[in-house]
Structure formats: structure tokens, C-alpha cells
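Some notes on the structure that comes next.
Just so it is clear, none of the values below were taken in a lab; they were calculated from the coordinates. Remember, predicted model here, so these are calculated numbers, not experimental data. Counting neighbours? That spans all protein chains shown, and the Cβs are built from the backbone with ideal geometry, glycine included.
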């Protein structure tokens with residue numbers, strides 16, 4: 001009976017962990033943000049470059065490396081294997097930031113802080129395998145919190161749940177989950193501070209700048 005309960009717990013944990021992986025969570029945020037702040041056409045033109053330059057290439061990179069045996073699993077839970085993943089994701093994000101700057105004349109604030117979070121996790125990875133799942137879900141909660149407090153708190157609860165599943169699945173230790181969450185909270189605090197500062201000073205942010213350009 002206990003084995004069946006453990007098996008069910010593992011199955012549910014795997015479903016939650018797989019669904020709320022960093023790419024899916026960010027995908028949901030970008031889609032929701034685009035729909036809430038733009039017309040359908042503007043939302044499409046805003047989200048499509050993010051999809052083509054960052055999300056799809058990273059997904060393809062991970063799948064290709066798993067199939068060729070360079071990565072042990074989709075989660076890339078091996079600390080050594082993560083080095084090349086961090087580098088590839090960083091290249092994709094920098095490429096998008098440059099593309100967006102050339103196209104729209106401003107630096108995408110959200111993508112910039114995703115890059116900062118990625119560098120922080122990469123540095124942490126030299127000493128401890130911080131949980132990317134937990135870190136990015138905490139940051140996604142912050143992104144939601146910046147314009148929808150209720151969803152922000154809901155996603156924070158999701159981040160906590162994801163962190164628990166990572167321990168249950170033995171993909172991370174409790175220490176690694178807390179390290180990922182701690183790094184994300186630090187980056188999130190800086191993001192919210194800078195975001196609020198820009199809004200108070202009426203400096204250009206992503207939405208107003210794009211509205212002005214259009």
C-alpha cells in the first residue's frame with residue numbers, strides 16, 4: 001500500500017515538475033502579458049520573436065542533446081552538462097535583446113533580468129546545482145506580481161510546489177532548491193525595485209515605448 005502511495009506521489013510530482021518547467025512557465029507569462037497589454041496583432045508581433053529566437057531554439061537544443069546522449073535527461077539535471085545549456089540559453093537571450101533593440105529602439109527589461117538570473121544560476125552552478133525550476137518559477141511569479149498581484153501570489157505558490165516536487169523526484173536536494181529560490185528572490189527584488197523606479201520617474205518601459213513607436 002505504501003509503495004502504491006509513493007508511486008502515485010512520484011507520478012503527480014513528475015507531472016507538476018514537467019509542466020511547470022522554466023520554458024513553459026515563461027511561455028505562459030509572455031502569452032498572458034501580450035494578450036493583456038496588446039491588441040491581437042501587436043501581441044502576435046511582440047511574442048513571435050521571443051518564441052522564434054529564444055523558446056523554440058532552447059527546446060530544440062535540449063531535445064537534440066538528449067537524443068545524441070550529451071544530456072542525460074530533459075531536465076538537464078547533471079551539473080556538468082548544464083554548463084553548455086546555460087551558454088546556449090544566454091546566446092539566445094542576448095540575440096533577442098539585440099534584435100529587439102535594433103527593431104524597437106529599447107532594451108527588453110524582462111529579458112535583461114532573465115539573463116541576469118541565468119548568469120547568477122550559472123555562477124552558483126560552479127559550487128552547487130541550484131534548482132532552475134524553482135528559480136525561474138519564483139521569477140515568473142515576480143513578473144506576474146509586477147502587473148497582477150493575485151496571479152503573482154498564485155504563481156509563487158506554484159513555485160513552492162515545484163520546489164517540493166524537485167526534492168521528491170530527487171532531482172535536487174532541499175539545499176539546492178533553497179539556493180535556487182534565494183537567487184531568484186534576490187534578482188526579483190532588484191527587478192521590482194528597478195521597475196518601480198522607472199515607473200515613478202516616468203521613464204520608458206516596455207509597454208509605453210512600444211506604444212509610442214507604433
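Hey, can you rank 148-155, 184-191 by average C-beta count inside 10 Å, highest first?
Highest to lowest by the protection proxy: 184-191, 148-155.
Given the rule -39500 (n - 2.57) for each run of at least 4 DSSP H residues, summed and divided by the residues of the chain, what is its mean residue ellipticity at 222 nm, to the nearest 500 deg cm²/dmol?
For the chain, the value works out to -26000 deg cm²/dmol.
Whole angstrom only: what separates the Cα centroid of region 77-116 from the Cα centroid of region 145-160?
So the separation of the two Cα centres works out to 23 Å.
Arrange 70, 166 by Cβ neighbour counts within 10 Å, fewest through most, would you?
70, 166
Rank the residues 63, 16 as a footprinting-exposure proxy: fewest other Cβ atoms within 10 Å of their Cβ go first.
63, 16
Starting from the Cα gyration tensor of the chain, take the square roots of the eigenvalues, sort them a ≥ b ≥ c, and report rounded, prolate or oblate (rounded when a/c is under 1.5, otherwise prolate if a/b is larger than b/c, else oblate).
prolate
Which whole-number percent is the relative contact order of the chain (Cα, under 8 Å, 6+ apart)?
22 percent
Stretched out fully, how many nm does the piece from residue 90 to residue 19 gain, at 0.36 nm a residue minus the Cα gap?
23.3 nm
If you build a Gaussian network model of the chain, linking Cα atoms that sit under 10 Å apart, which residue out of 54, 68, 134 swings the most?
Ranking 54, 68, 134 by mean-square fluctuation puts 68 first.
Using only the Cα atoms of region 1-96, build the gyration tensor, take square roots of its eigenvalues as a ≥ b ≥ c, and label the shape rounded, prolate or oblate: rounded if a/c is under 1.5, else prolate if a/b is larger than b/c, else oblate.
Note, shape of region 1-96 comes out oblate.
Is the C-alpha gyration tensor of region 82-157 telling us rounded, prolate or oblate? Criteria: a/c under 1.5 is rounded; beyond that, a/b larger than b/c is prolate, otherwise oblate.
Taking the square roots of the gyration eigenvalues as a ≥ b ≥ c, region 82-157 is oblate.
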